[in-house]
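Here the structure comes first, spelled out in structure tokens, and everything after it is commentary.
The values are calculated or read from the model by the stated rules, or taken from the named source; none is laboratory data. None of the values given here were measured: they were computed from a predicted structure. All Cβ positions, glycine included, derive from the backbone under ideal geometry; neighbour counts span all protein chains shown. Protein only, heavy atoms only, side chains kept; ligands, DNA and RNA dropped before computing areas. Shrake-Rupley method; radii C 1.70, N 1.55, O 1.52, S 1.80 Å.
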Amino acid sequence: MKLQLETLYKNRENVHEHFLQDVLDGLNQNPKHLQSKYFYDKKGDALFQDIMAMPEYYVTRCEMDIFQNKTKDLATEILADGSAFDLIELGAGDASKSLHLLKYLQKTGAKFTYMPIDISGNILEVLHQKLQSHIPNLDIRLLEGDYFEMLQKASKVSSRRKAVLFLGSNIGNMELSEASDFCFELRKNLNKNDIALIGFDLKKDPHTILNAYNDPKGITASFNLNLLERINRELDGRFDLDKFEHFQNYDPLSGACRSYLVSLENQKVNIGIHSIDFKKDEVIYMEVSQKFSVEDIQNLSVSNGFKLNKTIMDSKKWFADAIWTAV
Ligand SMILES: C[S@@+](CC[C@H](N)C(=O)[O-])C[C@H]1O[C@@H](n2cnc3c(N)ncnc32)[C@H](O)[C@@H]1O
């Protein structure tokens with residue numbers, strides 16, 4: 001496998017400074033907020049793997065159904081006119097779903113480079129090892145860093161047409177207005193006829209959705225609490241994890257499923273030389289997992305310079321991978 005690793009954060013001190021600044025900014029807001037991109041350190045990556053394996057977490061299984069059983073439909077859209085291309089995956093994680101598409105594309109003899117982008121260098125290593133054993137001849141370039149900074153980097157190193165994957169309903173981890181801004185920014189980074197393949201978790205039975213984020217074993221709770229642990233580990237934080245509790249809710253009208261950490265008492269928490277006050281029952285808003293209707297997906301595409309080519313759903317019709325063309 002041809003491998004190149006590009007990293008935005010060559011200087012690890014920069015990462016640390018960004019992390020500290022974002023944490024302090026977020027915890028000084030009202031309501032308090034932490035950015036979910038910081039969930040993914042080594043422990044967070046492992047916990048997310050556990051979440052994907054939970055019986056309640058249908059999201060991964062539904063999209064896997066599409067990538068395993070409708071691979072040809074996905075590949076046909078991506079191969080388009082048959083010219084060489086870069087297959088860029090934003091927030092690739094362990095690439096367990098894209099692996100099926102990559103294998104299929106490789107078999108067709110398509111000429112492409114796979115460029116997975118992820119903010120977690122640790123998960124890129126996991127991905128790399130997995131792909132090395134499954135598709136030894138894959139042309140791959142790992143990009144460690146934030147979505148758009150790395151997408152711009154990808155554009156600098158190659159002028160081939162692009163097909164961009166954004167799976168796992170990662171787009172749902174943004175407020176609706178942010179998701180629209182994201183699609184606009186994505187379009188700005190693409191050329192006419194480039195392709196975006198975006199995974200959307202669909203609105204469905206509210207109980208099914210809430211259960212997926214509120215598992216009885218508390219894995220999702222640990223995933224959220226791990227961000228406080230990470231602050232303790234990396235930023236000299238003094239969070240007492242026993243004094244915070246995970247709370248999840250789902251609003252079927254807006255489609256927003258949100259996670260929070262609730263402070264169980266009045267407390268002051270030091271982070272290095274800084275200190276943050278929490279009132280009893282005050283929450284830290286951690287993450288939204290937005291659910292979409294088919295109309296939402298259509299509107300998001302046309303209002304941001306894309307044409308919706310095709311929507312491919314799993315057998316339960318719980319999840320949709322939408323294929324857009326930049327117009
Ligand atoms: C919910 S996981 C999904 C992984 C994969 N897309 C899937 O469907 O299984 C989100 C992934 O996106 C990465 N990520 C989150 N925010 C990011 C950002 N701003 N820039 C780059 N990667 C990000 C995380 O490190 C993590 O691996």
Work from the charge dipole of the chain (Cβ charges, +1 for Lys and Arg, -1 for Asp and Glu, about the Cα centre) and give the residue of Val262, Ser289, Trp324 farthest towards its positive end.
-> Trp324
In nm, spacing of pseudo-spin labels at Ser83 and Lys280 (7 Å Cα→C-beta vector) | 6.6
Taking the Cα centre of the chain as the origin, how large is its charge dipole in debye, to the nearest 20, when only Lys and Arg (+1) and Asp and Glu (-1) carry charge on their Cβ atoms?
-> 1160
Counting DSSP beta bridges in the chain, what percent are antiparallel, to the nearest 5?
-> 55
Whole number in Å², please: accessible area per residue of segment 44-123, 1.4 Å probe, ligands, DNA and RNA not counted.
-> 36
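If we sort 152-158, 138-144, 281-287, 164-170 on the protection proxy, mean other Cβ atoms within 10 Å, highest first, what's the order?
Working: 152-158: 14.9, 138-144: 21.1, 281-287: 18.6, 164-170: 23.4.
So the order, starting with the most tightly packed, is 164-170, 138-144, 281-287, 152-158.
Going from the alpha-carbon gyration tensor of segment 79-128, what semi-axes, largest first and in whole Å, does one get by taking the root of 5 times each eigenvalue?
Working: eigenvalues 97, 25, 12 Å².
Largest first, segment 79-128 gives 22, 11, 8 Å.
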Expressed to one decimal in nm², the mean projection of the alpha carbon convex hull of segment 25-83 is 7.6
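Given N residues in segment 167-211, what is its alpha carbon radius of gyration divided by 2.2 N^0.38 Å? Don't skip to the end; give the middle numbers.
Working: Rg = 13.2 Å, N = 45, 2.2 N^0.38 = 9.3 Å.
Rg over 2.2 N^0.38 Å, computed on Cα atoms: 1.41.
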Positive minus negative residues near Phe39 (Lys, Arg vs Asp, Glu; Cβ under 15 Å) = -4
Between Ser133 and Lys192, how many nm apart are label points set 7 Å from Cα along the C-beta direction?
-> 4.6
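Starting from the exponent 0.38 and prefactor 2.2 Å, build the expected Rg for the chain from its residue count and divide its actual Cα Rg by it. List each step's numbers first, then the result.
Numbers: Rg = 19.8 Å, N = 327, 2.2 N^0.38 = 19.9 Å.
So the chain has a normalised radius of gyration of 1.00.
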Environment charge of Cys257, counting only residues whose C-beta is closer than 15 Å and scoring Lys/Arg +1, Asp/Glu -1 | -4
Set the Förster distance to 45 Å, then compute FRET efficiency between Thr76 and Asn266 from the Cβ-Cβ distance, nearest 0.05.
-> 0.15
With the dipole of the chain worked out from charges on the C-beta (+1 for Lys and Arg, -1 for Asp and Glu) around the Cα centre, which of Leu24, Asn193, Pro55 lies farthest toward the positive end?
-> Asn193
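Take the cross-link list Lys204/Lys307; Lys32/Lys188; Lys162/Lys203; Lys70/Lys107 and give me the ones stretching past 20 Å between alpha-carbons. If you can, show how the numbers build up before the last one.
Details: Lys204/Lys307 25 Å; Lys32/Lys188 32 Å; Lys162/Lys203 30 Å; Lys70/Lys107 15 Å.
Distance filter (> 20 Å) returns Lys204/Lys307; Lys32/Lys188; Lys162/Lys203.
For the chain, what % of the accessible area comes from carbon and sulfur atoms, probe 1.4 Å?
For the chain, the apolar C and S fraction of the accessible surface comes to 50 percent.
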Largest fluctuation, Ala196, Ala256, Ala75 only, Gaussian network model of the chain with Cα springs under 10 angstrom, belongs to Ala75
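Can you figure out the FRET efficiency of Phe184 with Thr311, using R₀ = 30 Å and their beta-carbon distance, to the nearest 0.05? Mind showing how you got there, number by number?
Details: r = 20 Å, r/R0 = 0.68.
The value I calculate is 0.90.
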Report the residue, chosen from Thr208, Thr220, Thr113, that carries the largest GNM mean-square fluctuation when the chain is represented by alpha-carbon nodes joined by springs under 10 Å.
-> Thr208
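Let me know the charge dipole size of segment 134-184 about its Cα centre in debye, to the nearest 20, where only the beta-carbon of Lys, Arg (+1) and Asp, Glu (-1) is charged. Don't skip to the answer; put the middle values down first.
Working: 6 positive and 7 negative charges, 94 e Å.
In debye, rounded to 20, segment 134-184 gives about 460.
State, as an integer percentage, the relative contact order of the chain based on alpha-carbon contacts under 8 Å between residues 6 or more apart. Please report the intermediate quantities before stating the final value.
Numbers: 590 pairs, mean separation 71.4, N = 327.
Across the chain, relative contact order equals 22 percent.
Calculated FRET efficiency, Lys103 and Asp240, Cβ-Cβ r, R0 51 Å, to nearest 0.05?
0.65
Order the following by accessible area, largest value first: His18, His274. Probe radius 1.4 Å; ligands, DNA and RNA are ignored. Don't jump to the answer; show the numbers that get you there.
Numbers: His18 100, His274 70 Å².
Accessible-area ranking of His18, His274, largest first: His18, His274.
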Cα coordinate range in segment 253-327, projected on the principal axes (Å, largest first) = 52, 29, 20
